[in-house]
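Single-structure report; data block below.
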Amino acid sequence: MVKKVIKIVFIFFISLIALWFCCAWLLSKIKTNANTIKSQKDITIYVKSNGMHTDIVMPINIDVYDWDSFLDKTCFLDINETHQYIAIGWGDKGFYLNTPTMADLKAKTLTNALFGLGSTAMHVTYYKNLKCSDLIKQISISKEAYMNLVSHITQSFYLNNKGPKLIPHPNYGHHDNYFEAKGTYSIFKTCNV
């Protein structure tokens, strides 16, 4: 009887993973409304991946938006005027804070992330420069599309009376930090959506 239950749970888990990959493949084939915005594409942003997680990388200060007006650089250990780009990613808080490498991944953290049982966080990283590679892709967008992106990102942060709410945590580097976020991460709503 116990073997039968284990087998059913195993099949369910494998089916769920297969369903996720099928949905990810199918939904990635749907065309977006890229043709509806006819304005000039004059802002360059980047999509940066580490193979599992995706960040949006934007210039810190351009004529249409200044990220310094939203994020306080004093929340970071070593940021100065030589930093030209800001990368922002949204994800499962437990995964972000407790999994610096995949070797540190725990079953509970993975389960919470897959099934939407945890809270979320915004990971913010500053960069001095950026070069395109297999994991960093450049995209040109219009000012209107950029402001829509900025609006979506800023609305994803949980705000208190001082602005984005910092998560006290020994961050992984001098140029990054974590902030409380809105929403629930799950296998169907990931950082790559």
message: Considering only the stretch 108-129, I want to know if a residue exists there that is among the hydrophobic types (A, V, I, L, M, F, W, C), farther than 18 Å from Tyr46 by Cβ, without any contact (Cβ under 8 Å) to a residue 40 or more places away in the chain and part of a helix (DSSP H, G or I).
response: yes
task: Could you list all residues from the stretch 61-83 that are at pLDDT 95 or above and farther than 14 Å from Ser151 by Cα?
output: none
field: Test for Cys191: is it assigned to a loop (DSSP other than H, G, I, E, B), within 17 Å of the chain's Cα centre (by Cα), under 20 Å from Met58 (Cα atoms) and not β-branched (Val, Ile, Thr)
entry: yes
field: Single residue of the stretch 14-44 satisfying the filter (among the hydroxyl-bearing types (Ser, Thr, Tyr) and farther than 17 Å from Phe188 by Cβ) that is modelled with the lowest pLDDT
entry: Thr36
Pairs where the first residue, in the stretch 165-178, is in contact (Cβ under 8 Å) with a residue 12 or more places away in the chain and the second is in a loop (DSSP other than H, G, I, E, B) and not β-branched (Val, Ile, Thr), C-beta under 6 Å, 6+ apart: Lys165/Tyr158; Tyr172/Pro100; His174/Leu77; His174/Asp78; Asn177/Phe76; Asn177/Asn171; Tyr178/His169
query: Can you name every residue in the stretch 69-79 that is surrounded by 12 or more Cβ atoms within 10 Å (Cβ to Cβ) and not in a loop (DSSP other than H, G, I, E, B)?
result: Lys73, Cys75
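Select, from Gly51, Gly94, Gly89, the only residue that is surrounded by fewer than 21 Cβ atoms within 10 Å (Cβ to Cβ), of a type in the set (Gly, Ala, Ser) and within 16 Å of the chain's Cα centre (by Cα).
Exactly one of Gly51, Gly94, Gly89 is surrounded by fewer than 21 Cβ atoms within 10 Å (Cβ to Cβ), of a type in the set (Gly, Ala, Ser) and within 16 Å of the chain's Cα centre (by Cα), namely Gly51.
The values are calculated or read from the model by the stated rules, or taken from the named source; none is laboratory data. It should be emphasised that the depicted structure is a prediction, and the values quoted were computed from it without experimental measurement. Neighbour counts run over all protein chains shown; Cβ positions are idealised from the backbone, glycine included.
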